[in-house]
Structures are given as C-alpha cells and as structure tokens.
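Chemist: So that we are looking at the same thing, I have put the structure below in structure tokens.
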Amino acid sequence: MTQNAPPPPSLLPYDHWAGRALRAVAVDALEHAAREGLPGEHHFYLSFRTDHPGTVVPGHLKARYPKEMTIVLQHRFWDLAVDRAAQRFSVGLSFAGVPAMLSVPFGALTAFQDPHAQFGLRFEPELEDAPPEATDPAPEPGGSPPEPDPTPAPTPQVVSLDAFRRKRD
C-alpha cells in the first residue's frame, strides 16, 4: 500500500505572491473610495497591526490597541489617500469625538471586509513589503558573503476564502 507523500517545499514565494494579490483587491477598493467615495450602502472594515513597522496611529490609540485594531470607513472619514509607491494608505477618523489621522502600510493589513457586498479577505501581516528573496543584502565587492540567518523560514500560510463566500441555495 502506498501513501501519498507531502508535496516538496516550494522554492518560489507563492504565499507572498498570493498575499500581495489579495491585498491588491483591498487597495483597489480603497483607491476607488478615495476617488469616488463609497457608493450606496458599501462600507469597509479594515483590521491592521498597530505594532507593524511604519504604522502611524496617535499614542492614545496605540495604548488602547497595542497589537491590532479595526477601523470602519462608512460615513465619517476624511482625507482617504492611497499611496502605491509608499505601499500605504492614510485616513482621518474620529475616535470618541477626537479627530485622528492614521497611516497604515499595506503589509500591516490583516483583514478587509465590505459587509454590504458580503465580501471579505484575511491576510497574514507582512514583516517586510518586499519578497523574502529581495531582502538579502548584496555582497560587498571583495568582501565575504553574508552569514546565513540561523532562524528557520516561516511556515507557509494558506488563506481560505470559504468563510467569505456567498452560500447558494
């Protein structure tokens, strides 16, 4: 009796590519909202890591949400801007009547939902906005090659969209 062997590990960063493609859907939706506003009853829930490098939130919010927070873009937000070159978006919101500007790298996003469309995505936060192979420093001319990193590579993450799919009768 033969057993199915597990697939060999990939030498290509498919998990990074898939995460980047899914984030692009959220970024496209944010760009549309920045340009055209939110049509009809559409609104967005955006969850992100507040401890991600490059995330800018006021200190009182960082203290209240040290790891992750969810914001809602619906009726009262302003100055929504998406900067693809900087890989981030920014938006103004009120928290308990106090206005605040937030700036969030795309890599900090952990979830995007549009409840009106019954659409949502979940992401693993990215530690870097570049693929893993692009983060290795180039060897200096005439220098020795860099030491290998002793930490093990992260386990690939599978993103399941089943929870967000519409059920058909």
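The numbers here are math on the coordinates, done by the rules we state, and not lab data. Not measured: the values here are computed from a predicted model. Cβ placement follows ideal geometry from the backbone for every residue including glycine, while neighbour counts extend to all protein chains displayed.
Chemist: Which value in nm describes the separation of the simple spin-label points at ALA5 and ALA117, placed 7 Å from the Cα toward the beta carbon?
Modeler: For the pair ALA5/ALA117, the computed spacing is 4.3 nm.
Chemist: While we're looking at this one, here's another question. Fully extended, how many nm does the chain gain between THR70 and SER94 (0.36 nm per residue separation, minus their Cα-Cα distance)? Working shown, then result.
Modeler: Working: separation 24, 0.36 × 24 = 8.64 nm, distance 1.32 nm.
Between THR70 and SER94, full extension yields 7.3 nm more.
Chemist: With each pseudo-label sitting 7 Å past Cα toward Cβ, what's the TRP78-ASP51 distance in nm, one decimal?
Modeler: In this crude label model, TRP78 to ASP51 measures out at 3.3 nm.
Chemist: Using Cβ contacts closer than 10 Å as the measure, can you line up MET69, MET101 from fewest to most? Before the final figure, lay out the partial values.
Modeler: Values: MET69 20, MET101 13.
Lowest to highest Cβ neighbour count: MET101, MET69.
Chemist: Cut-off 18 Å, label point 7 angstrom out along Cα-to-Cβ of ALA63: give me the residues of the stretch 82-101 whose amide nitrogen falls inside.
Modeler: So the set is 95-101.
Chemist: With r defined as the distance between the Cβ atoms of TRP17 and ALA86 and R0 fixed at 22 Å, what FRET efficiency is calculated, to the nearest 0.05?
Modeler: The computed FRET efficiency comes out at 0.60.
Chemist: Name the shape class, rounded, prolate or oblate, that the alpha-carbon gyration tensor gives for the stretch 80-121, where a ≥ b ≥ c are the square roots of its eigenvalues, rounded holds for a/c under 1.5, and otherwise prolate holds if a/b is larger than b/c and oblate otherwise.
Modeler: oblate
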